[in-house]
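Data first, discussion second: the structure below is written as structure tokens.
The values are calculated or read from the model by the stated rules, or taken from the named source; none is laboratory data. In this text the structure is predicted, and so the values were computed from the model without any measurement. For neighbour counting, all protein chains shown are included, and Cβ atoms are generated from backbone atoms with ideal geometry for every residue, glycine included.
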């Protein structure tokens, strides 16, 4: 008659352990490495996909970081101020001149971090004040028109601000990271 053994030998310490034992009660060595109760295997099953995902994300971000982006200077003639008006008010720093209006992007590129330049003219037509403001959260979608607002600290009396001109001097391709 073929009789089944009641004990087996631990692969690590050589002690006799029960046949059904998954882990040696003496040295705590797992008897089968591929056992789902083995914490090392479970750690590999959990962390291997996470490490792979991390590697793919890092590769994508590095690729995007060094990718060639569209330069605003090539599209500057396709981004223009459609309308604007001047208002006067107060901001935390004191009296302010505020320009609100609409800008149209006729290009195929979405722009971000738009830098506006405003020039202010007195009643004689002479430019006497100017300023630039970068709107970091401002997005200018491709082939769309959107509203904008920029404000500058006013250093001269309101009556000196007879006219103004607003232009966009720079912007960044919105696909660029960061």
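If you check every pair at least six apart or on different chains, which have Cβ atoms under 6 Å apart with a residue in segment 82-97 that is touching a residue at least 40 places away in the same chain (Cβ under 8 Å) and outside the structural domain of residue 156 (by TED's automatic domain parsing) first and a residue that is in a strand (DSSP E or B) and surrounded by fewer than 11 Cβ atoms within 10 Å (Cβ to Cβ) second?
Taking only residues 6 or more apart or on different chains, not a single pair turns up.
Checking residue 95 against (1) part of a strand (DSSP E or B); (2) under 28 Å from residue 78 (Cβ atoms), which test does it fail?
(2)
Is there a residue in segment 58-78 that is assigned to a strand (DSSP E or B), at pLDDT 90 or above and surrounded by 15 or more Cβ atoms within 10 Å (Cβ to Cβ)?
At the first step, the residues of segment 58-78 found to be assigned to a strand (DSSP E or B) are none.
So far as segment 58-78 goes, no, none of its residues is assigned to a strand (DSSP E or B), at pLDDT 90 or above and surrounded by 15 or more Cβ atoms within 10 Å (Cβ to Cβ).
Among the residues of segment 115-145, write down those that are loosely packed, with under 12 Cβ neighbours inside 10 Å and under 22 Å from the mean Cα position of the chain (by Cα).
136, 137, listed by residue number.
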